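Below is one structure, written out as structure tokens, with a few remarks after it.
None of the figures in this text is laboratory data; all of them are computed from the coordinates on show. This is a predicted model, so every value here is computed, not measured. Heads up, the Cβs are rebuilt from the backbone with ideal geometry, glycines too, and the neighbour counts pull from every protein chain shown.
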Amino acid sequence: MILSDSRILEEMQKGTIIVEPYNRDCLGSNSYDVHLGKWLATYREHILDAKKHNEIEYFEIPDEGFVLYPHIFYLGTTQEYTETHAHVPFLEGKSSTGRLGIDIHATAGKGDVGFCGHWTLEISVKQPVKVYKNMPVGQLIYFPVDGEIEIKYNQKKDAKYSGQPEKPIESMMWKNKF
């Protein structure tokens, strides 16, 4: 089951869903539209190592836009800061974004109950495309949870992505033991 617009509004009034900044025009019948933040990042090295801390370089999207190219992996963020305390949030690309050949996540479209922060976007494109800060890129949908949550994501001591800032965050795979 997916929350409807009226249920999303009810949960926002209860404080179990927080979206900042919030704009009523971005609330769809069963989703909330999110926008591309002003920061992008790319990895410094061409070959990434899952056991190593792969560092990134940040750059701000200029007002005139920025052209993304195929075969370059970009990290971005949502303009919106979100908190979800009683539901499972899913981030999906908007159809208009997809029709431009833009993928906004490689695998990480699901959040956890207790996720608080800006969403890091894993951006790739099919052909060169110019993007702009604040352009609509995705939509959040919310699923109810069946059963009690023992430990919310923001309460876990090893939550690597809790409280994500407005700048993209690189992979923290290197913090895992394997």
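Key figures for this structure:
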{"read-out": "Paired Rg and Dmax values of the range 84-178, which use every Cα atom, in angstrom", "value": "14.9, 45"}
{"read-out": "Rounded Å value of the spacing that divides the Cα centres of the range 124-178 and the range 74-120", "value": "6"}
{"read-out": "Residue-wise HN-Hα coupling along the range 58-64, computed from phi with Karplus coefficients 6.51, -1.76, 1.60 (Hz; x: Gly, Pro)", "value": "9, 8, 8, 6, x, 4, 7"}
{"read-out": "Compactness of the chain as Cα Rg over 2.2 N^0.38 Å, two decimals", "value": "1.04"}
{"read-out": "Spatially proximal lysines relative to LYS51 (Cα-Cα < 23 Å; intrachain offsets below 8 disregarded)", "value": "LYS156, LYS157, LYS160, LYS167, LYS175, LYS177"}
{"read-out": "For the chain, size of Cβ-based charge dipole, Lys and Arg +1, Asp and Glu -1, in debye", "value": "400"}
{"read-out": "The range 62-129: radius of gyration over Cα atoms, expressed as a fraction of 2.2 N^0.38 Å", "value": "1.21"}
{"read-out": "Which of SER31, SER6, SER162 has the fewest Cβ neighbours within 10 Å, and the rest in rising order", "value": "SER6, SER162, SER31"}
{"read-out": "Net charge of neighbours whose Cβ lies under 10 Å from the Cβ of LEU140, counting Lys and Arg as +1 and Asp and Glu as -1", "value": "-3"}
{"read-out": "Cut-off 10 Å between beta-carbons: net charge of the residues surrounding GLY76, Lys and Arg +1, Asp and Glu -1", "value": "+2"}
{"read-out": "Lys, Arg +1 and Asp, Glu -1 on Cβ, resulting dipole of the range 12-53 about Cα centre, debye, nearest 20", "value": "160"}
